[in-house]
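Readers should treat all values here as calculations from the given coordinates under stated rules, not as data from a laboratory. Note that the structure is predicted; figures quoted are calculated from it, not measured. A quick note on method: Cβ atoms are made from the backbone with ideal geometry, for glycine too, and the neighbour counts reach across all protein chains shown.
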Amino acid sequence: MKSLIMIILTCALVNNVVLNQFLGICSFLGVSQSMKSSASLGGAVIFVITIASAVANLLFTYVLDPLGITYMKTIVFILVIAALVQIVEMFLKKTSPSIYQSLGIFLPLITTNCAVLGVALTNVQNEYTFLESVIAGLGTGIGYTVAIVLLAGIRSRIREEDLPAPLRGAPIVLIAAALMSIAFMGFSGLSL
């Protein structure tokens, strides 16, 4: 149990996929303009990464490795991720059109979000069991959601400030993201 808790904390805080590994930056910066769209995308990413981690582990363990075609893992994982994103997209379009509209192009971009593929490949590289893969996926998704929601909150405060012209827009957002990354480095000493 202790190792599973360490995996989830490590994935969410210590090795945060956005702030430490710098994967998924496009959607992190693009969607974080509002709290609602950030939380919605975070939820979608949690779902996709967790399920993709589980399916990728099963496919690698029971299909790719026994058949000796582990070199196909990247292609197979991309196909799994694309299918999962399509399911999420259809679900959101049917159940919550407003969230679907607010996410816009960034929802289909989860398919090409390198964070999702990176987690599946890292789980295989770390030789995680099925449960460890699912926990790592969940922790990574939670870490992504925490990061994007925090940035959305910071951006809402930044909009209220009177900043010098050279800092307005992307420069101050990148500075805020860099400071968040530095702050998350403080979790590197975390141990149970």
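Rg(Cα) of the stretch 84-192 divided by 2.2 N^0.38 Å? Scaled against compact globular proteins, the figure is 1.33. The lysines within cross-link reach of residue 2, meaning a Cα-to-Cα straight distance under 17 Å and a gap of 8 or more places when in the same chain, come to none at all.
In percent, rounded to a whole number, the relative contact order of the stretch 69-134 is 38, using alpha-carbon pairs under 8 Å and six or more apart. Label positions at residue 5 and residue 39, each projected 7 Å from the Cα along the C-beta direction, are separated by 2.8 nm.
With the gyration tensor restricted to C-alpha atoms of the stretch 53-129, the semi-axes of the equivalent ellipsoid amount to 29, 11, 10 Å, longest first. Histogrammed with a bin width of 10 Å, the alpha carbon distances of the chain distribute as 9, 35, 33, 18, 4, 1, 0 percent, first bin at zero. Note down the Stokes-Einstein diffusion coefficient of the stretch 1-51 in µm²/s, whole number, using a Kirkwood radius over alpha carbon pairs, 25 °C, and 0.890 mPa s. For the chosen part, D equals 204 µm²/s. Normalised by the number of residues in the chain, the mean separation of alpha-carbon contacts (under 8 Å, six or more apart) gives a relative contact order of 43 percent. Sorting 156-162, 5-11, 52-58, 116-122 by average packing, meaning the other beta carbons within 10 Å per residue, from highest down gives 116-122, 52-58, 5-11, 156-162. Length gained on full extension, residue 130 to residue 75: 17.8 nm, using 0.36 nm per residue less the C-alpha separation. Computed over the stretch 1-110, the range of Cα coordinates on each principal axis works out to 44, 31, 25 Å, biggest value leading.
With each label modelled as a point 7 angstrom along the Cα→C-beta vector, the residue 94-residue 160 pair spans 4.0 nm. FRET efficiency for the pair residue 170 and residue 86, taken as 1/(1 + (r/R0)^6) with r the Cβ-Cβ distance and R0 = 22 Å, rounds to 0.10.
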